Amino acid sequence: MSVRMDAPWQLALLGRPQVTRPDGQKAECPPRLLLILAFVALEGRTARARLASIMWPDVLESVARNNLVHALRRIQALSGAGLLLVGRDIDLAPGVQLDVGPLLHPEPGQDPPTFGPALTLLDGLDFELSADLVAWIEVWRERLTQLAVEQVRRAVTREQEQGDLRRALDWAELWLHTDPVSEDAYRTLMRLHYLNGDRAAALRTYQRCVTAIEREFGSAPSAETHRLAEELGRLAPAPPGDALPSPLPLSVSRPPVLIGREEAWARMEAAWARGQIIFISGEPGVGKSRLLQDFVQAKGSHVWLDGRPGDLTVPYSTLARILRTYLRAAPDVELPGYVQQELSRLLPECAGPGGPPPPIVDEEARLRFYTAIGDAIVLTTQGASVIVQDDWQYCDKATSDFGAAFASRTYPLAEGQTGPPGIVAFRAGELPLPQKTMLQGVVQGGQAIHIELGPLDEADTRRLVHSLGVPELEPRIAAITQLAGGYPQFVQEAVRYLLEAGADDTGPLPLPPLIQEVLMRRLEQLSERALHVARAASVLQQDFTVDLIGEMLGLPLLDVAAAWEELEGRQIMQGERFSHDLLLQAVAAGIPASIRRLLHRSAARTLERHHGSAPRIAGHWASGESLTQASAWFIQAAAAARAAFRLDEAEGFEWQAQQTASAARTAGPATA
């Protein structure tokens, strides 16, 4: 048999990796050598030190370098200089033919490769991979799939613009073959079948989509896909794009009158006159926030603070955000040096030329810290009539400990005493033990009162519905009242649903506790991109921004901004937070488990790049089932807690580090 001397060596990385000689024969190549070839082929020229450290991360550097030398000699013995160029750096030899080459370096106008579901990088490597290598392979698998999808998408567009619908249909089928659960691909294929005169095929494609989404995620296709199927079923032309719905009446978002809270208001006025802290609790949706808003607006200037779901695990996270809010509200206040130095423990931007203070190692240092923070609060809130803390159930234990000390020293306010009254709201039944203990102590000590809000009675609920100014819903008032169960937020959600569905909708409304269904129906009206953005925000939970979510999802900033505008238009978001916690919970509940894990991992990587708090990053890695990374970050969280003399939290983080490390060893590389 004659062998072409100019034939290339071939390196296949998709599916089970293998090397093919220039004579067409398969070369025997151990998995570790294949992995080295794959790394260099995909990453390009690589320093020896980097290659050695990632291939043998668990050995001494000298051992890793020696292992690499032996591996490179084996590759050279196999191929000479046919596969690798070996010098100070390692590079792929010129002319090596890669099966992923058409994905990495596509020719203009060239048809995409047809890998389909076989597009799985380095499948079947039969030796244990390190956590870093597992992550590296996953990143490249996602990247190659995205490249393949993008090339096929361009081919579909090209053929459609040229009027060749048959070719466009073929490429759209390949798109689905490559990404079998892409609703974007299903919608494209449905439109193409319709434009090609085959509505029946378009509707069959929709049924394929329903089956695939149910099988993979246990849910129905998005509202956008369902609307397209309905349009095609009515034989109506598909519109070029979905317009945002007409804005809902403002009264639906904020009823014009506070109804049914006269008794609670009177108790608040009495406590205000006595200089006490006012605690208000109630179930989600019962109207705590609205009562607070109206009361504090009647009192003049105020500072409004919110708890965030992610605060619980991060010591002093709530207090740090509170202090930043106070400082922004009082930019002209000059803080004493000792206050600034103690503030720098929580706010690095406050550090003076002397640097941060030493760690808190005893009760005397903790008292000094508490005193300085209390002085900072008093100095920066002198212009405010009232301080409001909403969603106190999310407050971390360290902040609660400080709050108890501050309250005992400050309240009740005597006549002429410096410091504004405080109002605190929280969800009934969700208060952690430290906050419960603090609440009992300040109420028994006379520093505070506790008002528990219950649902509205039927008469007040009907008054609330009438106050919204939507006469077209008069026939449904009884159903809305039954649905709401006395919860003002549920009244508003039911009215929103009926207005969006059409006032002539006479179907039965879901009943409590199925108000979640009402929220989910609102979310189904979102575009696919807006839903992705909302899901990312629900995973981040706290302190998310358009920039951060764009980075987390890998989306252009303008795309995220447009999705955010849609979310605000539909009253899902208000500024840079969910308009209500119930919506956050509904979005989170609707995320399929597999997607939720990916979002948590992406959140962890994004927060790492932005130097986020260790407990928060650890929590995201744990929720993403990347247990080795979670354990490492829990260790960092424990160290930070010990440095702040938060020994209970430190022990808790150390226990979590041990648990996640143990779980990682049990589960093996899949959760590393």
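Residues in the stretch 271-315 that are part of a helix (DSSP H, G or I) and free of Cβ contacts under 8 Å to residues at least 40 places away in the same chain: 4 in all. The number of residues in the stretch 256-286 being charged (D, E, K, R) and touching a helix residue (DSSP H, G or I) at 6+ places or on another chain (Cβ under 6 Å) comes to 1.
When the stretch 276-295 is limited to residues that are of a type in the set (V, I, T) and within 15 Å of E262 (Cα to Cα), the one that is surrounded by the most Cβ atoms within 10 Å (Cβ to Cβ) turns out to be I280. Looking at the stretch 307-316, can you tell me whether even one residue there is under 29 Å from A614 (Cβ atoms), aromatic (F, W, Y) and surrounded by 20 or more Cβ atoms within 10 Å (Cβ to Cβ)? The answer is yes, given that some residue of the stretch 307-316 is under 29 Å from A614 (Cβ atoms), aromatic (F, W, Y) and surrounded by 20 or more Cβ atoms within 10 Å (Cβ to Cβ).
Among the residues of the stretch 138-164, which ones are surrounded by fewer than 17 Cβ atoms within 10 Å (Cβ to Cβ) and among the aliphatic types (A, V, I, L, M)? The one that is surrounded by fewer than 17 Cβ atoms within 10 Å (Cβ to Cβ) and among the aliphatic types (A, V, I, L, M): V139. A search for C-beta distances below 7 Å between a residue of the stretch 644-659 that is under 15 Å from Q629 (Cα atoms) and any residue that is part of a helix (DSSP H, G or I) and hydroxyl-bearing (S, T, Y), counting only pairs 6+ apart in sequence or on different chains, returns A657/S631.
Taking the stretch 529-551 as the region of interest, how many residues are acidic (D, E) and modelled with pLDDT of 75 or more? Adding up the residues that qualify gives 2. Every condition in (1) free of Cβ contacts under 8 Å to residues at least 40 places away in the same chain; (2) closer than 27 Å to K288 by Cβ is met by V560 except one, and the failing one is (2).
Residues are listed down the side, and each one gets a yes or a no for (1) touching a residue at least 12 places away in the same chain (Cβ under 8 Å); (2) among the acidic types (D, E):
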residue: P359; (1), (2): yes, no
residue: E364; (1), (2): no, yes
residue: D391; (1), (2): yes, yes
residue: S400; (1), (2): yes, no
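Where strands (runs of 3 or more DSSP E) sit wholly within the stretch 382-481, those with at least 1 residues that are assigned by TED's automatic domain parsing to the domain that holds V286 and under 19 Å from Y326 (Cβ atoms) occupy 386-390, 422-427. Taken over the stretch 326-351, the criterion of being assigned to a loop (DSSP other than H, G, I, E, B) and among the aliphatic types (A, V, I, L, M) is satisfied by A330, V333, L335, L346, L347, A351.
Total residues in the stretch 423-462 satisfying the condition of being modelled with pLDDT of 85 or more and either among the small types (G, A, S) or over 19 Å from T318 (Cα atoms) (or both): the figure is 24. Assessment of the stretch 623-632 against the conditions (within 14 Å of the chain's Cα centre (by Cα), within 22 Å of D543 (Cβ to Cβ) and assigned to a helix (DSSP H, G or I)) yields at least one matching residue. Among the residues of the stretch 362-417, the ones that are out of contact with any strand residue (DSSP E or B) (no Cβ under 8 Å at 6 or more places or on another chain) and of a type in the set (S, T, N, Q) come to 8 in all. Only one entry of L555, L519, L526 meets the criterion of being out of contact with any helix residue (DSSP H, G or I) (no Cβ under 6 Å at 6 or more places or on another chain), under 19 Å from A223 (Cα atoms) and either surrounded by 21 or more Cβ atoms within 10 Å (Cβ to Cβ) or at pLDDT 80 or above (or both), and that entry is L526.
The values are calculated or read from the model by the stated rules, or taken from the named source; none is laboratory data. If you're wondering where the values come from, they're calculated on a predicted model, not measured in any experiment. Note that we place each Cβ from the backbone using ideal geometry, even for glycine, and neighbour counts take in every protein chain shown.
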